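Asker: I have a structure here, written as structure tokens, and I will follow up with some questions on it.
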Amino acid sequence: MVVLSGPQLLDWASSPPHLQFNKYVLTGYRPASPLGGCLRSLFYLHNELGNIYTHGIPLLFFLFLLPLAIPWSQITVPWLAVAHYMACVAPQLGSVLYHLFMNHEGGAAIYHTLLTLDMCGICIVNTLGALPIIYCTLLCYPTVRSVALLLYILLSSYVIYCAVGAQSNITRLQSFAWQACYRFLFFYLRYMEVGAGSPTSLRNYLVMDALAILGGFINIVRVPERWMPGKFDYCCNSHQIMHVLVVASILYLHWGVVDDLAWISRSPCLPH
């Protein structure tokens, strides 16, 4: 990668108020820049570079390699695979756009638009990502399955409304808790062997949610930078750790869904 010399970076007190959301990251803030300046920030060191690349590189892999990892020939319900692909790509895309252009000279208005886009990406992975889980769990109960899918879509619409309007990371995370509780209901049904699904997928889903919850918690409590302000401005701060955990969480989602989608074709319950 070509490394360019960037503009004079700002400290926390000199950065725009809408970017002062982590008081433990003290330096490395980009000044307000036009579109081209934001793009050039891909090639010099600043405190958002790690956030861009920890989701930007996985985004490229998910965009181009994920379709190759889906066993299309074994899948009897193709729309579930398409929904899964969109679920894996959306949060990475929203995050990259948010972190890359958050210092745009348009100011707070542009920033809040990008934040909304980022939240929508998270809502998409929580919504579309769970549809195959619900579908496969209730494969043998088509009427109940349809009702459960509809209820989850309605619940997710409410969650999107709450998350986009949230004023803090804590209230935003609380919004997504409703979807997590709904998913855990279906994990419980599988554990009790009332619901169906691949025998190997439940473990992947549990690890998926555990990683996502851990990442959200780390992002809220701002560790490790809370312990040593200014020491993690460019690398290994809470948001970057969350990014890595989110990517790992999506991988576990992928492995679980692929198992489930392949299982449908050999299950005792034919899809209706």
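Asker: Tell me what the chain gives for mean residue ellipticity at 222 nm when only DSSP H runs of n ≥ 4 count, each as -39,500 (n - 2.57), the sum divided by the residue total, rounded to 500 deg cm²/dmol.
Answerer: -21500 deg cm²/dmol
Asker: In angstroms, what radius of gyration and Dmax does the chain have, counting Cα atoms only?
Answerer: 20.1, 64
Asker: Angle between the Cα long axis of helix 78-101 and the longest principal axis of the chain, 0 to 90 degrees, nearest 10?
Answerer: Tilt relative to the chain: about 10 degrees.
Asker: Enumerate the whole-percent occupancy of each 5 Å bin, from 0 to the last occupied one, for all C-alpha pair distances of segment 1-130.
Answerer: Result, from short to long distances: 2, 10, 17, 20, 17, 12, 9, 6, 4, 2, 1, 0 percent.
Asker: To continue, here is another question. Between Met228 and Tyr44, what FRET efficiency follows from the Cβ-Cβ distance if R0 is 25 Å, with the result rounded to 0.05?
Answerer: E(calc), rounded to 0.05, equals 0.55.
Asker: Hey, another quick one. Cβ neighbours within 10 Å, averaged per peptide: list 143-151, 205-213 in order, most packed at the top. Working shown, then result.
Answerer: Numbers: 143-151: 13.1, 205-213: 18.9.
Ranking, from highest mean packing down: 205-213, 143-151.
Asker: Could you order the peptides 96-106, 70-80 from most to least packed, using the average number of other C-beta atoms within 10 Å per residue?
Answerer: Details: 96-106: 19.9, 70-80: 13.7.
Going by the mean number of other Cβ atoms within 10 Å, highest first, we get 96-106, 70-80.
Asker: Right, next: If one takes the longest principal axis of the Cα atoms in the chain, at what angle in degrees, from 0 to 90 and to the nearest 10, does the Cα axis of helix 49-65 lie?
Answerer: 30
Asker: Provide the per-residue ³J(HN,Hα) series for segment 218-233, in order, calculated from phi with Karplus coefficients 6.51, -1.76, 1.60 and θ = phi - 60°, each as a whole number of Hz, with x at glycine and proline positions.
Answerer: Listing the rounded values in order: 4, 5, 6, 7, 6, 10, x, 5, 4, 6, 9, x, x, 8, 10, 5 Hz.
Asker: About its Cα centre, how strong a charge dipole does the chain have in debye, to the nearest 20, once Lys and Arg get +1 and Asp and Glu get -1 at the Cβ?
Answerer: Using only the charged Cβ atoms, the result is roughly 200 debye.
Asker: Could the peptides 52-59, 165-172, 14-21 be put in order, highest first, of the mean number of other beta-carbon atoms found within 10 Å of their residues?
Answerer: Those peptides, ordered most packed to least, come out 52-59, 14-21, 165-172.
Asker: Note down the Stokes-Einstein diffusion coefficient of segment 33-108 in µm²/s, whole number, using a Kirkwood radius over alpha carbon pairs, 4 °C, and 1.567 mPa s.
Answerer: 92
Asker: Under the Kirkwood approximation applied to all pairs of distinct alpha-carbon atoms, what is the hydrodynamic radius of segment 118-259 in Å?
Answerer: Taking every pair of different Cα atoms in segment 118-259, averaging 1/r and inverting gives 16.0 Å.
Asker: Of Ala177, Val82, Pro17, whose Cα points farthest to the positive end of the dipole of the chain (charges on the beta-carbon: +1 Lys, Arg; -1 Asp, Glu; origin at the Cα centre)?
Answerer: Ala177
Asker: List every residue whose amide H lies under 5 Å from the amide H of His104, counting only residues 5 or more places away in sequence or on a different chain, with H placed 1.01 Å from N in the peptide plane.
Answerer: Sorted by chain and number, the residues that satisfy this are Ser33.
A short reminder: the numbers here are calculations on the coordinates, not readings from a lab. Since the model is a prediction, treat every value here as computed from it, not as a measurement. Backbone-built Cβ (ideal geometry, glycine too); neighbour counts: all protein chains shown.
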